[in-house]
Amino acid sequence: MSGIELLIASAVVALGAVVQGTIGFGVGLVGTPLLLLIEPRLVPGPLLCAAGVLTVLLTHREWQGIEFPDLKWALSGYAVGIVAAAGLLVALSTKQLAITFGALVLLGVLLTAAGFRLRPSPRLLVGAGVLSGIMGTTASIGGPPIALVYQHASGARIRGTLSAYFVIGIVMSITGLSLIGRFGSQELLLAVGLLPGVLTGFVISHWTSGILDRHYLRTGVLLLSATAGVIVILKHAL
């Protein structure tokens, strides 16, 4: 991986970190399709690891907004999703995975854009957690299913609850990837290369979380992610 590619990848992660620091999710949604175009090895392990650092920082910052009772239901579903994702990663070839990643990006966009008014409940949180676990482990895009549940909550509640959820969920995902040989020292080194982007985006989000409109920003993220997801699918399918 060249220095230019690493610089571009860090800029992509910085943009994703700004989005996540502002609306509660987005580093995977923004980062996955673009990083796949730059260097496929950055997804899912290295991006998940870098996102883990971001979620720790955000959890500390948004501690007061966390809905702790909801976390146990969502995380129990996430654990089930990881098991399913591990089987998927073992069964599919590199080409199949790339196409799957692109499809998961589009699925994430559709879930986020659907706009249904959902109320958090144990059953709904478990179901969203399962889908989040599959998407988060295979494509580093675990945010949309859970974010959809909280889309009508306050910004502090969304950012706080999702960040706490992602901290534990990412640890589960990386553990699962390690057990099937998909995360090791090489992936860790690639993750370290993404940290400057994570830190830059986190700092910027201190300001954007208070001044940017969440719905306007979400529209831009969805359009960017949908376009990149289609490009990834076409690139590997043709």
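Every number here is computed from the coordinates shown, using simple stated rules; none is lab data. None of these values were measured; they are calculated from a predicted model. Positions of Cβ are generated from backbone atoms using ideal geometry, with glycine treated the same way; all protein chains shown enter the neighbour counts.
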Practice problem: Report the label-to-label distance for V171 and A113 in nanometres (one decimal), using points 7 Å from each Cα along the Cα→Cβ vector. | Solution: 3.6 nm
Exercise. Give me the net charge of E187's neighbourhood, meaning all other residues with Cβ under 13 Å from the Cβ of E187; Lys, Arg count +1, Asp, Glu -1.
Key: +1
Quiz item: Based on DSSP H assignment, which helices of the chain show an axial Cα extent of at least 20 Å together with a mean Kyte-Doolittle hydropathy greater than or equal to 1.0?
Solution: 3-23, 45-61, 68-91, 94-114, 122-139, 155-179, 185-211
Quiz item: Rounded to the nearest 500, what is the chain's calculated 222 nm mean residue ellipticity when only DSSP H runs of at least 4 contribute -39500 (n - 2.57) each, over all residues?
Solution: -28500 deg cm²/dmol
Self-check item: the chain: translational diffusion in µm²/s, Stokes-Einstein, Kirkwood Rh over Cα pairs, 4 °C, 1.567 mPa s
Solution: 76 µm²/s
Practice problem: Tell me the Kirkwood hydrodynamic radius of region 102-152 in angstroms, computed as one over the mean inverse distance between distinct C-alpha pairs. | Solution: 10.8 Å
Exercise. When a/c is below 1.5 the answer is rounded, else prolate if a/b is larger than b/c, else oblate, so apply that to region 1-85 with a ≥ b ≥ c taken from the square roots of the Cα gyration tensor eigenvalues.
Key: oblate
Self-check item: Zero-based 10 Å bins, Cα pair distances in region 44-109, whole percents
Solution: 16, 36, 36, 12, 1
Quiz prompt | FRET efficiency estimate (nearest 0.05) - Cβ-Cβ, L7 to T227, R0 25 angstrom | solution = 0.70
Quiz prompt | Separation in nanometres of the label points that stand 7 Å from Cα toward Cβ, at I180 and R41 | solution = 2.0 nm
Quiz item: Counting pairs of Cα atoms in region 83-209, how many percent are more than 22 Å apart?
Solution: 43 percent
